[in-house]
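No lab work stands behind these numbers, since they all come straight from the coordinates. This is a predicted model, so every value here is computed, not measured. Here the Cβ positions follow ideal geometry from the backbone for every residue, glycine too, while neighbour counts run over all protein chains shown.
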Amino acid sequence: MEKTLPKAGSASRPATDSNLGQLAGSALPTISSRASASGSVANELPDDLEGAIVDLKKERNAVILAHYYQESEIQDLADFVGDSLQLSQAARETEADVICFAGVHFMAETAKILNPTRKVIVPDLDAGCSLADGCPAPVFARWLEKYPDHTVVSYINCSAEVKALSDVICTSSNAAKIVQALGDRKIVFAPDKHLGRYVSKQAGRDDIVLWQGTCVVHETFSEKKILALKVKHPGAEIVAHPECEESVLRHADHIASTSGLIKYVTESDAKTFIIATEAGILHKMQKQAPDKELIPAPPEDDTCNCNMCPFMRLNTVEKLYLSLRDLKPEVDVSEPVRIRALRPIERMLEMSV
Ligand code: 13P
Ligand code: SF4
């Protein structure tokens with residue numbers, strides 16, 4: 001597979017080889033910061049916020065794409081709700097003038113890369129991702145120099161600059177399939193080490209080189225508390241996202257992307273489920289499976305909202321309204337980076353059909 005290593009992009013924060021993948025913790029937004037962010041503009045907001053958003057959508061010829069981790073009100077206002085792969089496909093296909101992306105920054109960037117003639121806006125530009133932040137392009141480019149004959153498979157949770165350094169992108173719903181399709185080629189997988197380890201196992205490989213990144217949400221689930229719940233609910237099935245640690249994944253009855261987990265819970269004969277992923281998924285899951293009992297997997301620290309993504313939750317209905325009203329903040333990708341990032345994303349889309 002041909003590979004061009006572009007000049008490294010700009011890093012948002014300093015990184016060294018010794019802290020690869022571990023950079024995110026210092027800059028986590030807190031969920032309570034949402035209230036003050038939206039409160040400061042309270043007097044600019046219409047009484048019927050939802051109605052105003054529907055009107056603005058029509059006026060702007062805009063489409064709202066939302067991830068399953070968004071708060072339920074945002075999901076209910078969206079034209080399309082999906083996992084990372086489905087959202088990329090929807091972003092590529094839309095003919096709307098404006099894509100309002102209620103998700104995190106790398107998702108909106110991917111939409112822009114795939115559909116550069118549309119304006120892409122987000123409710124909050126600070127909605128990042130610990131996996132993307134923990135893999136700065138200049139450090140990643142330097143690390144890749146150690147593996148010149150490897151195919152670079154990057155999880156979509158990374159910046160446009162890191163995508164531009166990659167051979168093929170994957171999401172949690174197609175990672176195993178893509179790695180398996182690469183046969184016996186040497187592979188580096190970034191940035192999520194837990195997904196990388198899970199995929200290595202699925203592909204029967206022990207030689208895949210893993211970047212050491214993690215998701216701040218999925219690594220908080222407590223194996224001990226999940227097992228205690230299982231004792232209390234012996235018939236319950238445990239379902240988990242592959243970003244979870246091995247100590248959680250080894251107890252799972254089913255491991256899949258967000259859309260895969262929703263499908264499994266809807267179709268399984270079990271009545272009770274312990275859900276080891278971000279709690280926003282429960283909204284759609286419960287709608288699809290109203291007769292099932294859904295128990296969110298508990299985080300280690302039960303005094304925090306650690307099973308909610310602090311980045312996804314920066315987006316609020318208020319900010320969604322303001323972004324559609326003002327057509328900002330806008331997400332842009334420089335054309336040289338976009339062109340280089342497009343090819344590995346297109347490869348993924350071709351390999352996912
Ligand atoms: P999915 O692609 O499974 O929706 O996952 C996205 C994500 O960010 C998980 O933390
Ligand atoms: Fe990133 Fe984790 Fe949030 Fe998903 S849940 S967007 S991987 S920080």
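Structure notes:
- Potential lengthening of the chain between Asp332 and Lys271 amounts to 17.5 nm, from the contour at 0.36 nm per residue minus the alpha-carbon distance.
- Looking at the chain, the DSSP beta bridges with both ends there are about 5 percent antiparallel.
- Taking a ≥ b ≥ c as the square roots of the eigenvalues of the Cα gyration tensor, the stretch 218-296 is oblate, since a/c reaches 1.5 or more and a/b is not larger than b/c.
- P(r) tail fraction, the stretch 44-185 - alpha-carbon pairs more than 17 Å apart, %: 64
- Set against the 2.2 N^0.38 Å expectation for a compact globular protein, the chain has a Cα radius of gyration ratio of 0.96.
- For the stretch 40-82, applying the loop criterion from DSSP together with a ceiling of 15 other beta carbons within 10 Å to the GluC sites (Glu not before Pro) yields no site.
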